[in-house]
Amino acid sequence: MARTVSRLYDNYADAQRSVNALETAGFTSYEIGLVSRYRDDETLAETSSGTAAGAAAGAVIGGGTGLLAALGVIAIPGIGPLVAAGVLATTLVGAAGGGAVGGLLGSLTDYGVSEEDAHLYSEAVRRGSSLVTVRADDDRAAQAEAILDANRPVNTRERRDAYIATGWSKYDPTSKGYTAEEIRQERERYLRR
């Protein structure tokens with residue numbers, strides 16, 4: 001039986017290292033997914049939604065090898081422009097093409113992420129974090145977790161508590177994505193913890 005293992009990263013380079021390590025371990029683009037508001041280490045937050053919406057989904061936009069060589073720009077309601085690769089890119093392209101509100105939330109739950117976690121992950125991506133997922137058979141799930149945990153993931157329990165302390169209860173797809181300045185301030189807040 002397969003299950004989805006997911007981790008958030010505040011540093012895009014940590015997410016990239018996780019994807020590379022998963023590929024080296026033999027996980028494929030049909031098993032791995034990446035979504036982020038970053039391309040390389042540059043935020044897409046200041047990119048106009050029109051530009052991102054007009055970009056061809058699945059277009060190659062960055063360097064790298066394997067999955068990271070096939071990052072596509074997608075505009076998602078409530079988040080704005082983001083890069084996506086792998087299995088999540090495929091589901092997000094379908095959601096964006098169909099005009100689905102909250103496309104990331106629905107894509108995550110369709111991929112096997114609990115609704116509670118999908119709300120947290122969608123909110124974190126909106127605020128500038130990167131999400132890496134991998135669908136693994138039970139016999140490989142521990143290996144996927146070890147790889148993802150080796151690259152400084154966010155402590156999701158602490159992050160959820162921090163969001164709740166500010167009045168957050170769930171992801172709202174009608175909210176605007178954070179600006180580059182808001183993302184910078186968000187990062188500074190968690191670096192001080």
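The table below lists the values:
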item: Alpha-carbon centroids, segment 1-37 and segment 131-193: separation in whole Å; result: 13 Å
item: Förster-model FRET efficiency, 35 Å R0, residue 155 and residue 2, C-beta, rounded to 0.05; result: 0.90
item: Förster-model FRET efficiency, 41 Å R0, residue 184 and residue 142, C-beta, rounded to 0.05; result: 0.70
item: Estimated vicinal HN-Hα couplings, Hz - segment 169-181 in sequence order (Karplus 6.51, -1.76, 1.60; Gly, Pro = x); result: 10, 6, 5, 10, x, 8, 6, 7, x, 5, 6, 4, 5
item: In order through segment 107-114: 3J(HN,Hα) via Karplus (6.51 cos²θ - 1.76 cosθ + 1.60), integer Hz, x for Gly, Pro; result: 5, 5, 5, 5, 7, x, 7, 4
item: Amide hydrogen neighbours beyond the local backbone of residue 38, cut-off 5 Å, H modeled; result: 44, 83
item: Backbone HN-Hα couplings from phi across segment 134-143 [Karplus 6.51/-1.76/1.60, Hz, Gly and Pro as x]; result: 8, 9, 10, 5, 3, 6, 10, 4, 5, 5
item: Burial ranking of peptide ranges 150-161, 103-114, 122-133, 166-177 (average Cβ count within 10 Å, highest at the top); result: 122-133, 103-114, 150-161, 166-177
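We did not get these values from a lab; they are worked out from the coordinates using the rules stated. Source: prediction; values computed, not measured. Reconstructed Cβ throughout: ideal geometry from the backbone, glycine too, with neighbour counts over all protein chains shown.
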